[in-house]
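Right, one structure below, let's go through it.
The values are calculated or read from the model by the stated rules, or taken from the named source; none is laboratory data. Just so it is clear, the structure is predicted and the values come from calculations on it, not from any experiment. Ideal geometry is used to build each Cβ from the backbone, glycine not excepted, and the neighbour counts take in all protein chains shown. We work out accessible area using only protein heavy atoms, side chains counted, and drop any ligands, DNA or RNA first. Shrake-Rupley method; radii C 1.70, N 1.55, O 1.52, S 1.80 Å.
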Amino acid sequence: MKKTIKDFNLNGKKVIMRVDFNVPMKNGEIVDDNRIRQSLETIRYALENNAKLILLSHLGRIKEEADKEKNNLQPVAIRLEKLLNQKVLFVPKTRGEEVERAIQNMKEKEIILLQNTRYEDLDDKKESKNHPELGEYWASLGDIYINDAFGTAHRAHASNVGIASHLPSGVGFLIEKELKIMKEAIDNPKRPLTIILGGAKVSDKIGVIENLAEKADHLLIGGAMAYTFLKASDFEIGKSLLDEENIPFCKRMLEKYSDKIILPIDSINATEISENAVPRECFINEIKENEIGLDIGHGTIKVFKNYLQDSKTIIWNGPVGYSEIKSFANGTRELLEILKQSDAITIIGGGDTASAAIQLGYEKDLTHISTGGGASLELLEGKELPGISCIDDKNE
Ligand code: AMP
């Protein structure tokens, strides 16, 4: 078990907290502040316990000087100020005198947000490659390190692994919650445990399929990925997305887990991927040569529903259709509706499935929507996340 923020006396301490403020931005405006809101509980706890709070986050990618302006964290500081109803001092630097002076002058219960940690990437990718000098420098600014950025926990960066190797460390409430829910669902689930897997490529999910096929009772496969499994079962899939080199892997999985893996029996197709495309539904053995399979059909939804209705835990990663286009979002929406009606523990692994669930209005109807795409995928693969492994254990 990892230490949490509750294991520390924060009174008067300079707490360096890594949060995930990597919010979608358009023309300098925040499009969705969900990630900021998700971090408020840990931030408020630190302030209530008299910490001097120094926040670090990345925003977007910084590959060249021109990337800086659109990834400036200042709008986030303004939004955070509103959400907390408290002054947030934004320091537009990641290091140096201005940063150090601001921290020296801090009083208890005050907050500073430093500039985007990835501004440091212009100098030999210091943040993203975890340059030891940078982690040590940031650590020198504080007394305690708290990591609450689940979205980057699968990466070893200077702002997580780098700082944690120099300071007493713990996780915040968001990471604590993500770990508890995900680990329990995978390692000690209420059964039957059903996994829904979709999305684009088999290659991205090999680790997840291997780990979860073993642990789950049922594995329902949809999305583009299903067509590679169908090809491996000798169906003709027209122009559907095919991950050819993973056909042997799919065959192996289908043989080994023949009783667990459930594939679509019908498909919604079109001859092009566009808003104007005319969808055609057919059985899986009727896909035409010029068609692309873009969603699961109504028969498949019924089959999947049978498994989902009896499940006690459901974990879902990857939309089961091209859900960005309305005509091909039906399968994803219908499955969300089934999860809404279900008494099971329902977990959405982040990324595109999380966006689909939120956009289609199901945010409140699910047990948990993970805040990290890559990080939750790695948890589903059974991997240790470096941004969490680096945190002190409870018994230290
Ligand atoms: P992933 O990031 O692997 O979870 O993939 C998500 C993407 O897969 C989304 O952009 C979906 O639109 C896409 N997707 C889902 N089903 C299909 C499909 N049948 N054909 C093409 N793309 C799909």
Quiz item: Taking Lys256 as the anchor, which lysines have their alpha carbon closer than 28 Å to its alpha carbon, excluding any fewer than eight residues away along the same chain?
Solution: Lys183, Lys190, Lys201, Lys205, Lys215, Lys231, Lys239, Lys302, Lys305, Lys312, Lys383
Exercise. Using only Cα atoms, figure out Rg for the range 5-174 and give it as a multiple of 2.2 N^0.38 Å.
Key: 0.93
Quiz item: To the nearest Å, what is the center-to-center distance of the range 11-33 and the range 56-105, using C-alpha atoms only?
Solution: 8 Å
Practice problem: Among the lysines, select those whose C-alpha is under 18 Å from the C-alpha of Lys364, and discard any that sit fewer than 8 residues away in the same chain. | Solution: Lys177, Lys340
Self-check item: Alpha-carbon centroid distance for the pair the range 123-184 / the range 331-372, whole angstrom
Solution: 28 Å
Self-check item: Average Cα contact separation per residue, the chain, under 8 Å, 6 or more apart, as relative contact order %
Solution: 16 percent
Quiz prompt | Per residue, in Å², the accessible surface of the chain once ligands and nucleic acids are set aside, probe 1.4 Å | solution = 45 Å²
Exercise. Any chance you could run the full-extension gain for Leu89 through Thr367? It's 0.36 nm times the residue separation minus the Cα-Cα distance, nm to one decimal.
Key: 96.6 nm
Self-check item: Values of log10 I(q)/I(0), in the order q = 0.09, 0.10, 0.11 Å⁻¹, for the chain under a Debye, Cα-only, solvent-free model
Solution: -0.59, -0.71, -0.83
Quiz prompt | Set of aspartates and glutamates with alpha-carbon distance to Lys109 below 16 Å, sequence-local pairs under 8 removed | solution = Glu41, Glu48, Glu81, Asp143
Exercise. Within the range 282-367, report the GluC sites (Glu not before Pro) that DSSP leaves as loop and that have at most 11 other Cβ atoms within 10 Å.
Key: Glu289
Quiz item: According to the square roots a ≥ b ≥ c of the eigenvalues of the Cα gyration tensor, what is the shape class of the range 189-380, taking rounded for a/c under 1.5, prolate for a/b larger than b/c otherwise, and oblate for the remainder?
Solution: oblate
Practice problem: Would you tally the net charge around Leu380, using a Cβ to Cβ cut-off of less than 11 Å, leaving Leu380 out, and scoring K and R as +1, D and E as -1? | Solution: +1
Quiz item: In the chain, carbon and sulfur make up what percent of the accessible area (probe 1.4 Å)?
Solution: 45 percent
